[in-house]
Amino acid sequence: MEKIIFLLLLLTLCSVVISVQKYVTRKYNLKSTHFFSLILIFTILLSTLGQSLNLNQAQAANGLHKEKATLVKVVDGDTVKLNYKGKVATFRLLLIDTPETKDPRKPVQKYGPEASAFTTKMMTNAKKIEVEFDKGQKTDKYGRYLAYVYADGVMVNNALVRDGLARVKYVYPPNNTYEKKIRESEAKAKTEKLNIWSEENAVNTSLTSAKNIKTAKHTATTKKSITHYSSKKSKKSSRAKAKKEYFKNCTALRKKYPHGVRKGHPAYQPKLDRDKDNYACEVR
């Protein structure tokens, strides 16, 4: 039924165009080819205007807009350096987290290199790079820009998640306009068991692995400290009664206590326990 109605409308339109063509060519002494050329130009202009209006409406719908940038360097899967407004700046991809490759405190995590390679391939092959800020803050505590990054119109944030090389993380409204879209991509990647989702709890496992390594190092250091402390057991009671010892920093403290000190020790100071693990100035 809809096809029949469409055909009838099309025939009616053709009839109207032919009638107008006859009238215009007679009155203004134009050739038919000139008339149809004018019709074609008018149609192209109308189409261009329509596309422009649609683009403006889409941007107005979420209040966001894209800005041009150029690639300088890919740091890792979710971090890139771009030339933005004439200056080189670091951009952190919003709403996602890829396995670590650059954190000096952690080992390289599984699928981290693959995520970096994915981002590198997308962005180095792109003819056009764009960034899009959300409605909240534009930078994080490290001074990095927080944005959605596009390579030839394709959102890199979402592409990483869809390929199972990143997960949804760090969701802080109102910087979450595309949260639903990216979560849908994550759900599909999980269902298809892509990359980080190819093993059960793969992401959590990689993060736990890094944590376990850190814990093991800390345990080894603690054992050394306990041995050192136990060798002076005879002084235990006098230490308990001793006055607090104060050191300007960890360098000064380690001159006397090379392995650091635990909470409860006369030399322990909260300000020297930066990671809040009840152990000050431990050797890592």
Once you have the Cα-Cα distance between LYS263 and ARG26, take 0.36 nm times their residue separation minus that, and quote the gain in nm to one decimal. 75.2 nm
Amide hydrogen neighbours beyond the local backbone of VAL74, cut-off 5 Å, H modeled: LYS81
Kindly state, to the nearest 0.05, the FRET efficiency for ILE4 paired with SER198, given R0 = 51 Å and r defined as their beta-carbon distance. 0.50
Across the range 134-147, in residue order, what do the Karplus-derived ³J(HN,Hα) couplings come to in whole Hz, using 6.51 cos²θ - 1.76 cosθ + 1.60 with θ = phi - 60° and x for Gly and Pro? 8, 7, x, 5, 8, 10, 9, 5, 8, x, 7, 6, 10, 7
To the nearest 20 Debye, how big is the dipole of the range 71-159 about its Cα centre, given +1 on the beta carbon of each Lys and Arg and -1 on that of each Asp and Glu? 360
Note on the range 66-198: alpha-carbon gyration tensor, axes a ≥ b ≥ c; rule is a/c under 1.5 for rounded, else prolate if a/b larger than b/c, else oblate; result rounded
Efficiency of FRET between VAL108 and TYR246 - r from beta-carbon atoms, R0 41 angstrom, step 0.05: 0.55
Would you please give the FRET efficiency between VAL72 and GLN137, computed as 1/(1 + (r/R0)^6) with r the Cβ-Cβ distance and R0 = 35 Å, to the nearest 0.05? 0.95
In whole angstrom, how long is each semi-axis of the equivalent ellipsoid of the range 124-186, when you take the square root of 5 times every eigenvalue of its Cα gyration tensor and sort them from largest down? 19, 16, 10
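Just so you know, all these numbers are worked out from the coordinates, no wet-lab data involved. Remember, predicted model here, so these are calculated numbers, not experimental data. FYI the Cβ positions are ideal-geometry reconstructions off the backbone, even for glycines, and counts take in every protein chain you see.
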